[in-house]
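One structure is given below, encoded as structure tokens.
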Amino acid sequence: MDTMTPAPLPLYQRPGFLLRRAHQISVGIFEEQCRPLGLTPPQYGALVLIDASPGSDQSSLARAMGFDKVTTLRLVRGLEEREYVHRALSTRDRRQHELTLTDKGRALLAASVPLVDQAYQRLVSPLQDDELQELLRLLTKLESGLGANARVKLEPLLKPCAPAVQTPASAGDRPLPATGTN
């Protein structure tokens, strides 16, 4: 009797399934690495963007992260409750809140740099350098070609001010992506 290994279901080869699974892996690694700080990927992304553009408003932050306004409001309120972010009514538009990092927020961001770098290195460890570059190229191509179809639009922060906290890769390691997340 000939035994055959069953083929995986087509579901497991679909890009959407694999992208969702890759995201789950990415979040899991990030949260495990940053558990001592109690930091999640969205919180880290918000801290990086607020640091890069102090005084920006919540709507701009939402667009820069590709989040809806309600999710961003909850994220910012949580960071404010933990005293990492200061919200103040905008002097330009009283309907908006300007965001800045507190000293405690800058300290958290600085403390997160080595942990986020370690999470990133773990995430990309199965890939060779050329494979990583190809993956990033293909993901960027997907986003630029189909980003308009997303439920929430992304407006990347293009010209950030000099951040107070530098987030370089460790010497000799693969460079971190410029997105501010893992």
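What the table below lists for this structure:
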{"read-out": "Which listed residue, of Val165, Val152, is within 21 Å of Ala52 (Cβ to Cβ), among the β-branched types (Val, Ile, Thr) and at pLDDT 90 or above", "value": "Val152"}
{"read-out": "Every residue from the range 23-66 that is part of a helix (DSSP H, G or I) and open to solvent by 50 Å² or more (accessible area, probe 1.4 Å)", "value": "His23, Gln24, Ile25, Glu31, Glu32, Arg35, Pro36, Arg63"}
{"read-out": "Unique residue being at pLDDT below 95 and not aromatic (Phe, Trp, Tyr) when the list is Met1, Met65", "value": "Met1"}
{"read-out": "Residue in the range 120-141 that is among the hydroxyl-bearing types (Ser, Thr, Tyr), farther than 15 Å from Gly45 by Cα and either out of contact with any strand residue (DSSP E or B) (no Cβ under 6 Å at 6 or more places or on another chain) or not in a loop (DSSP other than H, G, I, E, B) (or both) present", "value": "yes"}
{"read-out": "Exclusive hit being at pLDDT below 95 and touching a Phe, Trp or Tyr at 6+ places or on another chain (Cβ under 7 Å), set Leu89, Leu11", "value": "Leu11"}
{"read-out": "In the range 76-105, residue nearest to Ala62 (Cα to Cα) [restricted to those that are open to solvent by less than 50 Å² (accessible area, probe 1.4 Å) and in a helix (DSSP H, G or I)]", "value": "Val76"}
{"read-out": "One residue from Val116, Val85 being in contact (Cβ under 8 Å) with a residue 60 or more places away in the chain and of a type in the set (Val, Ile, Thr)", "value": "Val116"}
{"read-out": "Where Leu108 falls short, out of the listed (1) in a helix (DSSP H, G or I); (2) in contact (Cβ under 8 Å) with a residue 40 or more places away in the chain; (3) open to solvent by 20 Å² or more (accessible area, probe 1.4 Å); (4) touching a helix residue (DSSP H, G or I) at 6+ places or on another chain (Cβ under 9 Å)", "value": "(3)"}
{"read-out": "Residue within the range 118-127 that is touching a Gly at 6+ places or on another chain (Cβ under 8 Å) and surrounded by 12 or more Cβ atoms within 10 Å (Cβ to Cβ) present", "value": "no"}
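The values are calculated or read from the model by the stated rules, or taken from the named source; none is laboratory data. Small disclaimer: the values here were computed from a predicted structure and weren't measured. Because the Cβ atoms are built from the backbone with ideal geometry, glycine has one as well, and the counts that use them run over all protein chains shown. Remember, those area values only see protein heavy atoms, side chains included, never the ligands or the DNA or RNA. Shrake-Rupley method; radii C 1.70, N 1.55, O 1.52, S 1.80 Å.
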